[in-house]
Amino acid sequence: MSLRVYEFSKKIGVSSKDILEVLKDNNFDVPSHMSILSDEAILLLEKSFAKNAVTEDKTSQSALPEIQEKNESRPTVAAVQAFGTFIVAPMTVSDFAEKAEKPLNEVILTLIKQGLLANRNSIISETVIKQLVTHYNIPLADSTVAKKAESASARRSEVVGYGKKEERSPIVVVMGHVDHGKTTLLDYIRKTRVAAREKGGITQHLGAYEVKMDQGSIVFLDTPGHEAFSMMRARGSKVADIAILVVAGDDGVMPQTVEAIKQAKAAHLPIIVAINKMDKVSATQIEHVKRGLTQYDLVPEEWGGQTVVVPISAKTGAGVQDLLDILVLQAQMMELEAHPEMPAQGFILESKLERGRGPVATVICHNGILRIGDVFSAGKTYGKITSLINSEGKRVLAAVPSVPVSVSGFEDIPYVGDDFKVVSADQIKHKKIVPDSRASFINQSSHKDAFNIILKTEGVSSQEALVTAIKRLALRLKKDINVIHAGIGAITESDVVLAGDTKSLIYGLHVKRDTVALLLSQKIKVTTLLFDIIYKLLEDIEARIEAGKPIKMIKKKIGEATVLKVFDIKNLGIIAGAYVRSGKFSKDGTVVVWRGKHKVGEGSIKSLQRDKKSVKEVHTGFECAFLIDSFDAWEQDDRVECYTETPDTV
């Protein structure tokens with residue numbers, strides 16, 4: 001049975017990266033942890049790591065005291081070189097390899113040969129370091145030099161002030177076309193019903209969720225699938241470390257799939273492809289999706305490329321664990337780190353007004369720890385953290401790097417995508433909030449034929465997406481759609497007053513209207529419309545614009561007749577008796593009278609009769625008589641055409 005690198009790593013208890021380095025040193029072309037190992041590669045690895053099984057018991061008893069896991073307290077002094085000699089102090093394997101100027105995989109193999117199982121992040125004791133420096137014939141410094149170096153290193157650390165970097169959780173953005181199963185996948189992973197709560201099954205907000213697993217925590221960004229949220233998806237990829245591209249097996253590569261690929265590549269994110277709905281598609285359909293991906297330089301590994309492709313079913317969970325395993329391995333290969341001791345720095349993912357908390361924002365930091373009471377700056381606003389709520393809805397006192405939290409304490413609503421950083425109180429002491437036209441604006445221009453609207457949304461990103469979509473709609477309909485005002489939060493009395501003054505409709509997305517606004521809108525007859533799905537709101541705007549357009553009518557010929565006899569009826573007028581040769585004549589029609597090649601008259605039918613009875617229509621083959629409102633100079637053999645007006649549907 002064929003084994004992939006990550007499967008073999010589990011089997012022997014060695015990291016995938018160490019295995020890949022051994023294979024690379026032995027000229028095996030194995031690009032990633034998802035690659036399938038050949039029999040020759042497995043044989044080499046089994047020989048290289050043969051002592052693992054033999055020395056396992058010995059290692060567990062003697063090596064573990066010497067090798068500490070990364071998550072234990074680390075020494076404050078790393079190994080350094082001074083005056084051509086090597087100073088002994090506890091350090092990681094990778095630190096030793098760097099200071100000793102030796103290949104990392106060579107040092108790991110040396111430790112394995114000595115019966116010590118270690119990876120790049122394992123901390124080795126002074127005893128083990130002495131064994132290594134003896135093995136490599138590296139001269140040691142005396143104790144006086146070591147103490148001086150330790151003191152200098154400590155001083156350097158104080159100057160930098162940030163201490164040693166620590167491992168952080170990966171931030172993963174889930175991207176793809178609408179309805180391809182992104183939120184359903186996250187729903188399965190998080191064991192919550194997010195997809196069921198979303199209106200219409202479409203994610204309307206940029207959500208960030210921390211998922212705790214046996215291998216550690218992973219932070220997922222769920223980006224909306226509707227095309228109007230293009231910029232939100234772009235921001236999601238901006239702050240992420242890894243991208244999962246979800247592609248439905250029964251649908252393939254779609255326009256938003258291509259957009260997601262471009263955004264992930266622009267952000268230099270490694271892309272892992274999840275082909276969804278494997279519970280309902282055939283192997284042929286999966287192969288078709290893979291062929292579609294190759295057009296965008298995403299060549300599956302089994303086809304000789306670098307892209308990891310995992311078939312899954314977000315509905316049943318099939319293949320999801322494989323996807324998570326690969327995700328963890330990818331994060332390990334990337335060696336993601338953060339400075340926990342430096343002032344927190346991150347990004348605003350979403351912002352809104354929240355009852356009882358005021359302006360709030362979802363924040364993810366790449367460095368530093370957020371704490372209640374921290375003073376911060378975010379774009380053109382600032383504040384002091386008054387509360388932190390994690391993705392489970394629980395209040396917390398602090399948030400480490402990569403962990404998303406809802407932050408309150410902003411002086412004003414920050415803009416999505418703004419940098420967020422903790423600062424000193426002096427740095428914002430004299431700072432003033434500059435009104436941000438992106439978050440709320442009034443359009444002073446107003447064309448008399450424009451369709452005027454006022455927009456209220458729950459968050460800034462939703463507002464931005466909606467305004468962009470409305471601009472596109474206006475171009476498509478060739479109609480001026482004038483956004484008089486766009487703001488955040490519930491529809492209020494002032495919104496209704498403004499709508500009344502500017503003859504505008506009020507549209508709300510994910511918001512409510514307060515009682516005063518409702519009563520006032522009824523009193524002054526202002527239309528307020530509330531929506532939970534953006535495309536439903538856009539459809540309503542389009543329908544109202546189309547309904548308000550003047551209907552263009554076109555004349556359509558429906559029949560032709562020949563005059564047989566002319567009657568002069570007292571008190572009634574000149575009546576033409578005719579024979580309908582084709583089509584029909586309608587009482588609601590108009591006629592054009594031809595005498596030979598010349599047009600001699602036209603008018604509307606005032607009266608239409610057949611067999612001396614008034615009728616609405618007379619069809620081919622029947623005789624009729626009609627009276628025209630503005631023509632009576634009939635002659636025998638006149639040719640008469642009948643027309644009706646119909647709406648132009650072209």
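Set the Förster distance to 25 Å, then compute FRET efficiency between Glu106 and Lys130 from the Cβ-Cβ distance, nearest 0.05. Write out the running numbers ahead of the final one.
Working: r = 18 Å, r/R0 = 0.72.
With a Förster radius of 25 Å, E is 0.90.
Region 582-646: which trypsin sites (Lys or Arg not before Pro) are DSSP loop and have at most 11 other beta-carbon atoms within 10 angstrom? Intermediate results must be reported in sequence, preceding the final value.
Values: sites: Lys584, Lys587, Arg595, Lys597, Lys599, Lys606, Arg610, Lys612, Lys613, Lys616, Arg639; in loops: Lys587, Lys597, Lys612, Lys616.
Here the trypsin sites (Lys or Arg not before Pro) that fit, given the DSSP loop and packing criteria, are Lys597, Lys612, Lys616.
Efficiency by 1/(1 + (r/R0)^6): what FRET value for Lys113 and Gln321, r their Cβ-Cβ distance, R0 = 41 Å, to the nearest 0.05? Don't skip to the answer; put the middle values down first.
Numbers: r = 34 Å, r/R0 = 0.84.
The calculated FRET efficiency here is 0.75.
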Partner aspartates and glutamates whose C-alpha sits under 17 Å from that of Lys102, ignoring same-chain residues fewer than 8 away, are Asp18, Glu21, Asp25
For the Glu46, Ala425 Cβ pair and Förster radius 60 Å, calculated FRET efficiency rounded to 0.05 is 0.50
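Which of Lys471/Lys552; Lys47/Lys277; Lys556/Lys616 have a Cα-Cα distance over 29 Å?
On the way: Lys471/Lys552 25 Å; Lys47/Lys277 41 Å; Lys556/Lys616 17 Å.
Those over the limit are Lys47/Lys277.
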So, with points 7 Å from each Cα along the Cβ direction, the Thr620-His598 label distance in nm works out to 3.1 nm
Length gained, Lys164-Lys394, 0.36 nm per residue minus C-alpha separation, equals 79.8 nm
Evaluated at 37 °C and 0.692 mPa s, the Stokes-Einstein D of region 455-604 based on the Kirkwood radius over Cα pairs, in µm²/s, stands at 162 µm²/s
If each part is reduced to its alpha-carbon centroid, region 326-344 and region 248-267 end up apart, in Å, by 26 Å
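Using the crude model of +1 on Lys and Arg Cβ and -1 on Asp and Glu Cβ, and no other charge, please compute the dipole size for region 513-554 relative to its Cα centre, in debye to 20.
Values: 7 positive and 6 negative charges, 56 e Å.
For this selection, approximately 260 debye.
Just how large is the dipole of region 520-635 about the Cα centre, in debye to the nearest 20, putting +1 at every Lys and Arg Cβ and -1 at every Asp and Glu Cβ?
Numbers: 22 positive and 15 negative charges, 42 e Å.
Roughly 200 debye for region 520-635.
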Under 22 Å between C-alpha atoms, the lysine pairs in region 304-435 lying 8 or more places apart or on different chains count 18
The correct pair for region 276-361, radius of gyration to one decimal and Dmax as a whole number, both in Å and from Cα atoms, is 19.6, 56
A chain fully extended from Lys512 to Ile554 at 0.36 nm per residue, minus the present Cα-Cα distance, gains in nm 10.7 nm
Length gained, Ile12-Asp250, 0.36 nm per residue minus C-alpha separation, equals 81.9 nm
Checked region 495-535 with the C-alpha gyration tensor, a ≥ b ≥ c its square-rooted eigenvalues, rounded below a/c of 1.5, otherwise prolate if a/b is larger than b/c and oblate if not; verdict oblate
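Each value in this text was obtained by applying a stated rule to the coordinates, not by laboratory testing. As the structure is a prediction and not an experimental result, all values here were calculated from the model. Reconstructed Cβ throughout: ideal geometry from the backbone, glycine too, with neighbour counts over all protein chains shown.
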